[in-house]
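Written below as structure tokens is the structure these notes are about.
The values are calculated or read from the model by the stated rules, or taken from the named source; none is laboratory data. The structure displayed is predicted, hence computed values, not measured ones. As a convention, Cβ positions derive from the backbone with ideal geometry for all residues, glycine included, and neighbour counts pool all protein chains shown. In case anyone asks, the SASA skips ligands and DNA or RNA and just uses the protein heavy atoms, side chains included. Shrake-Rupley method; radii C 1.70, N 1.55, O 1.52, S 1.80 Å.
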Amino acid sequence: MKVTYQGVIGCFSSMTCERCFPNAVHRGSLSFGDAMREVVTGEADVAVIPVENSTAGRVAEVYGILPESSLYIVGEYFLPIHHCLMMPTKIVRGLPPQNLTEEQLLEWKNAEPSKAEIDRALTQITEVRSHPQGLAQCREFLRKNLPNARLREAWDTAGAARDLALENVPNVAVIAPAGAARYGMTVLKENVEDASDNTTRFLFLRKTPLNADEIRSRPITTLVFRTRHVAGALVEALKVFQAHNINMTKLETYMTGVHHSEPVFYVDLAMNRFDENGRKTLEELQSATLGVQVLGTYEASPARSERYGFADID
């Protein structure tokens, strides 16, 4: 099996691949769209994509491209997210002391950065880079500890660490997973996320949906529907869920169309599209809206919990 994700080895998507698909071949992509396209073209079997975080909210880009991708959601996973503030080790350590013997120089090169070196590096930070989600999840830490540092968005958390290590510029740090230390980075501070229970929800996407026989535990159905842009249009759609006693665990809305005049609603439902109640719900929803697109019916993660920001479906 081949699994694709956005980012480089050491990023949170990579960690999710390792945990959920340990025997697969993993390949990083530059963007979410690139990862999805690899599945569409058959270069990969599954794409692992983050869709929302308990602290920073939804990954907006994904909501825009997922319905257009022709892929289906076949599973979800909740990953605890812990960030580190780090800098390139060669910047933290600086130049070796003068007049060292060859043996002493070798010993210095192989030593870990000292507390004094780390403390000095912390006082010199003028810029912090990370993926927008990484910066958002550490907003309070940055405000309190590095209020004057410039915040610069990067394409990936671990990717920001890898790129910075190659640049060899001083006074710049990144927020990244601990695994990004593999790129020659030194962790200055651990667990800099604002919430200790910081969690990201990942979706697994493939070309074909699950069938009824593959849903063995509590089902979630994710779909998008469009309504007319008139008063009461959404209410009419929501009445369908109420009539069939369908609990909604997520509702997101965004505008599409040339003039952003066409409302689209993305919902997660505690519903099995394959049973009688699910089929009737979808039929009535079609009649009450301008169109419905089912993105997948799949099993709810047992990790769902209000505490972590993701309501259970019961």
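Calculated on C-alpha atoms, the gyration radius of region 201-314 divided by its Kirkwood radius gives an Rg/Rh of 0.97. Taking the accessible area of region 93-199, probe 1.4 Å, and keeping the other protein chains in place, the carbon and sulfur fraction comes to 48%. Rolling a 1.4 Å probe over the protein chains gives residue 114 an accessible area of about 50 Å².
Here the chain is treated with +1 on each Lys and Arg Cβ and -1 on each Asp and Glu Cβ, and its dipole about the Cα centre works out to around 340 debye.
Which one, 277, 101, 241, projects farthest toward the positive side of the charge dipole computed for the chain from Cβ point charges (K/R +1, D/E -1)? The Cα lying farthest towards the positive end belongs to 101. For the residue pairs 115/189; 90/189; 239/280; 2/250; 144/189; 109/189, the C-alpha atoms sit more than 20 angstrom apart in 2/250; 109/189. Computed over the chain with a Gaussian network model linking Cα atoms closer than 10 Å, the most mobile of 109, 189, 239 is 109. Compared with the alpha-carbon gap, the fully stretched path from residue 124 to residue 168 is longer by 14.4 nm at 0.36 nm per residue. Between residue 136 and residue 293, what FRET efficiency comes out of the Förster formula 1/(1 + (r/R0)^6) with R0 = 35 Å and r the beta carbon distance, rounded to 0.05? Using R0 = 35 Å, I get an efficiency of 0.75. Legend: calculated FRET efficiency, residue 148 to residue 284, from the Cβ-Cβ distance at R0 = 51 Å, rounded to 0.05, equals 0.35. Couplings 3J(HN,Hα) for region 89-100, derived from phi with the Karplus relation 6.51 cos²θ - 1.76 cosθ + 1.60 (θ = phi - 60°), are 4, 5, 7, 4, 7, x, 7, x, x, 6, 6, 7 Hz, where x marks Gly and Pro. Pairs of Cα atoms nearer than 8 Å and 6+ residues apart set the relative contact order; for the chain it is 23 percent.
Taken as Cα centroids, region 35-78 and region 220-237 sit 22 Å apart, rounded to the nearest whole angstrom. Calculated accessible area for the chain comes out at 50 Å² per residue, all protein chains present (probe 1.4 Å; ligands, DNA, RNA ignored). A simple charge model with +1 on the Cβ of Lys and Arg, -1 on the Cβ of Asp and Glu and nothing else charged puts the dipole of region 223-314 at about 180 debye relative to its Cα centre.
From the Kirkwood radius over Cα pairs of the chain, Stokes-Einstein at 10 °C and 1.306 mPa s returns a whole-number translational diffusion coefficient of 74 µm²/s. Packing, taken as the mean count of other beta carbons within 10 Å per residue, orders the peptides 92-102, 242-252 from highest to lowest as 242-252, 92-102. Comparing 130, 29, 14 in a Gaussian network model of the chain (Cα springs below 10 Å), the most mobile by mean-square fluctuation is 29. Taking the Cα centre of region 1-43 as origin and assigning +1 to Lys and Arg Cβ atoms and -1 to Asp and Glu Cβ atoms, the resulting dipole is close to 60 debye. Over region 6-141, Cα pairs under 8 Å with separation of 6+ residues give a relative contact order of 20 percent. Here the alpha carbons of region 1-130 define both size measures, Rg and Dmax, at 20.6, 64 Å. Close amide H contacts of residue 189 (hydrogens built in the peptide plane, cut-off under 5 Å, sequence separation of 5 or more or a different chain): 85. Rg/Rh, computed from the Cα trace of region 136-182 with Rh as the Kirkwood radius, has the value 0.95.
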